[in-house]
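Read the structure below first, then the notes.
Values quoted throughout were computed directly from the atomic coordinates according to the rules given, and no laboratory measurement underlies them. In this text the structure is predicted, and so the values were computed from the model without any measurement. Cβ sites come from the backbone with ideal geometry, for glycine too, and all protein chains shown count toward neighbours.
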Amino acid sequence: MTEFPIVVEDEHGEPAVEDHPEPLLGQNGEASDVGGVLASVLLRGQDTRPGAWALTSRQEIHPDRSEETGSLLGWLAARAGDARRPVDLGWIRFHESREVEPLVVCDGEVVRPAWRPSSDRGAVRMRGSAVVTVVRG
């Protein structure tokens, strides 16, 4: 993700778009909606080939960030394996459910569970927690 546009009010009271970058998988501490702890760890392999890394993240995903989060998961999956084949990134649980579902990305899109960007009219938007583990190398 390279852009994080938000609409703000400028000095004349008019709407203006500004870029406010923030990590999508950067929450740490107590989870407010799903219980437990939120954390992310990114490690580079020390005794492996150059460019090797591993990421593990447990995050709450808000519906307003579902489109950006889906794009990031597609980007991560493309770096973890063959972008044209399904990549199992971990699991996801909707905040009102106790059941977990596999989190699968294929061709840069989250295909399981049925994930729809927040901009789609009438679409089911993600709200819950995700545990993502991605290894490259």
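PRE reach from SER97 (point 7 Å along Cα→Cβ): which of the range 55-87 fall under 15 Å by backbone N?
Under cut-off, by backbone N: 61.
Out of residues 5 or more away from VAL111 or on other chains, whose amide H comes under 5 Å of its own, with H placed 1.01 Å from N in the peptide plane?
Those lying under 5 Å, H to H, from VAL111 are VAL104, VAL105, CYS106.
Using r as the Cβ-Cβ distance of VAL8 and LEU72, and R0 as 30 Å, what FRET efficiency do you calculate, to the nearest 0.05?
Here the calculated transfer efficiency is 0.85.
Modelled label-to-label distance, ARG79 and HIS20, 7 Å Cα→beta-carbon offset: nm?
Between ARG79 and HIS20, the simple spin-label model gives 2.5 nm.
Per-residue HN-Hα couplings for the range 9-22, Karplus 6.51 cos²θ - 1.76 cosθ + 1.60 at θ = phi - 60°, whole Hz, x for Gly and Pro?
Per-residue couplings from phi come out as 9, 7, 5, 9, x, 9, x, 9, 9, 10, 9, 10, x, 8 Hz.
For GLY45, what residues show an amide H to amide H distance below 5 Å, using hydrogens built from the backbone and excluding near sequence neighbours?
Here the answer is ALA52, TRP53, ALA54, since their amide H atoms fall under 5 Å of that of GLY45.
Using θ = phi - 60° and the Karplus curve 6.51 cos²θ - 1.76 cosθ + 1.60, what whole-Hz ³J(HN,Hα) does each residue of the range 66-76 get, with Gly and Pro shown as x?
5, 5, 5, 5, x, 5, 5, 4, x, 5, 5
Taking H as built 1.01 Å from N, whose amide H comes closer than 5 Å to the amide H of GLY90, not counting residues under 5 places away?
Hits under the 5 Å cutoff: LEU103, THR133.
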